[in-house]
Amino acid sequence: MKINTLALPLSGPQEDSWHAVLTEAAAADLPRLPAPSGAEVRGRLRLPTARGRAVLWTAEGDEGVACLILFSDESNRHAAFVDALTVRPRDRRRGVGTALWERVREELVADGRTSVAAMVDLGGPGQAFAESLGFENVLPMGWYTQELPADGAAPAPAPATSGYEILVWRGLVPDAWAQAAADAHTAMEDAPSGEMDQHIEPWTPQRLHAMQQIILDRGGEMTTIAAVTPAGEVAAYTELVLPDPSGARALQYDTVVLPRHRGRGLGRAVKLHMAADAARRYPELRHIATTVADENTPMRTVNESLGYRRERGTGYFQLKL
């Protein structure tokens, strides 16, 4: 079976073929979810990552696709991430996935990588395939979704945050707040990480802006809701990303409360402000989705109190080479 390495940027027909593979696979494996947005898929193909080098392959006949991210930051030059390894349903069990994986593995070995990971949905063909290759679930998680009202009704009002101001930032965090926001991102270091072999890269204003800029350059939109102190500290924040601003599903990225500000309802407050802002700004938006580690009981409790419901299990699967 011939596996072709693709050169970036892809042509229009190559992007269409990639999108078709993902759409057919999602229809078979996750039929209750919206089909992958063409705008989102094309954006991710044109700008795969800000963290390193992307290598893409396709099986001859467009039977399957694969994308590998080789991290470039110094602390993770040993590691990589399989961003996609997907086979059309009608072409499964014919060795397509194995052939794609062999090319991925060859690239990993040639580049001196000793660890590779992937996000894998539980209970489906992806889990069975990953485990057959030796991947282990080192961080069990779940996808959770919050449904926004379809009748235009506003979500529940956010509680008062005495001593804090709620700020809303569209796109890039303003330069005046970038250092404080980067410091707040560092608080994610105490979030559950299981036995992940990937190291946390230090957050700087430059890294924060680079991460946000790639979302915008892909055609998406991003909003940060922050609870700030009079002293200029970001005490808590949450991030909403719409990979396709016209779509019905958004992603909630990080939600963080700094340790010294916990126990004051700030996590709940910023998430409520986020939902209310999203409902006003995006009338077609119906669901906000996020992942939470199974062991992160405090965040799961907050989410459940806001109406988030578990959609499906997933996990951070890892293989040592």
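Cβ separations smaller than 7 Å between residues 6+ apart or across chains give the following pairs from segment 288-308 residues that are surrounded by fewer than 18 Cβ atoms within 10 Å (Cβ to Cβ) to residues that are in a loop (DSSP other than H, G, I, E, B): 295/192; 296/191; 296/192. Among the conditions (1) at pLDDT below 95; (2) out of contact with any helix residue (DSSP H, G or I) (no Cβ under 7 Å at 6 or more places or on another chain), the only one that residue 91 does not satisfy is (1).
To keep it simple, each residue is scored yes or no on (1) assigned to a loop (DSSP other than H, G, I, E, B); (2) more than 29 Å from residue 321 (Cα to Cα).
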residue	(1), (2)
10	yes, yes
39	no, yes
69	no, no
75	no, no
90	no, yes
102	no, no
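Looking only at residues in segment 287-321 that are of a type in the set (A, V, I, L, M), farther than 20 Å from residue 196 by Cα and not in a loop (DSSP other than H, G, I, E, B), the one that is modelled with the lowest pLDDT is 302. Within segment 229-245, the residues that satisfy the criterion of being surrounded by fewer than 20 Cβ atoms within 10 Å (Cβ to Cβ) and not in a strand (DSSP E or B) are 229, 230, 231, 232, 233, 245. Take the conditions in contact with a helix residue (DSSP H, G or I) (Cβ under 7 Å, 6 or more places away or on another chain) and within 24 Å of residue 9 (Cβ to Cβ) and apply them to residue 103. Does it pass? Spelling it out, it is not the case that residue 103 is in contact with a helix residue (DSSP H, G or I) (Cβ under 7 Å, 6 or more places away or on another chain) and within 24 Å of residue 9 (Cβ to Cβ). Would you be able to tell me the number of residues in segment 120-144 that are touching a Gly at 6+ places or on another chain (Cβ under 9 Å) and either free of Cβ contacts under 8 Å to residues at least 12 places away in the same chain or polar (S, T, N, Q) (or both)? Residues meeting the conditions: 2. A single entry from 58, 5, 49 fulfils the requirement of being assigned to a loop (DSSP other than H, G, I, E, B) and polar (S, T, N, Q): 49. Cβ-Cβ distances below 7 Å connect no pair with a first residue in segment 91-112 that is under 26 Å from residue 76 (Cα atoms) and among the charged types (D, E, K, R), a second residue that is surrounded by 14 or more Cβ atoms within 10 Å (Cβ to Cβ) and modelled with pLDDT under 95, and a separation of six or more residues or different chains.
This table checks each residue for (1) in contact (Cβ under 8 Å) with a residue 12 or more places away in the chain; (2) out of contact with any helix residue (DSSP H, G or I) (no Cβ under 9 Å at 6 or more places or on another chain); (3) surrounded by fewer than 17 Cβ atoms within 10 Å (Cβ to Cβ); (4) assigned to a strand (DSSP E or B).
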site: 247; (1), (2), (3), (4): yes, no, no, no
site: 256; (1), (2), (3), (4): yes, no, no, yes
site: 277; (1), (2), (3), (4): yes, yes, no, no
site: 285; (1), (2), (3), (4): yes, no, no, no
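Consider segment 2-57 and keep the residues that are in contact (Cβ under 8 Å) with a residue 60 or more places away in the chain and touching a Gly at 6+ places or on another chain (Cβ under 6 Å). The one that is nearest to residue 94 (Cα to Cα) is 29.
All of 43, 64, 52 fail the test of being of a type outside the set (Phe, Trp, Tyr), surrounded by 16 or more Cβ atoms within 10 Å (Cβ to Cβ) and in contact with a helix residue (DSSP H, G or I) (Cβ under 6 Å, 6 or more places away or on another chain), apart from 64.
The values are calculated or read from the model by the stated rules, or taken from the named source; none is laboratory data. Remember, it's a predicted structure, so these values are computed and weren't measured experimentally. Positions of Cβ are backbone-derived with ideal geometry, glycine not excepted, and every protein chain shown enters the neighbour counts.
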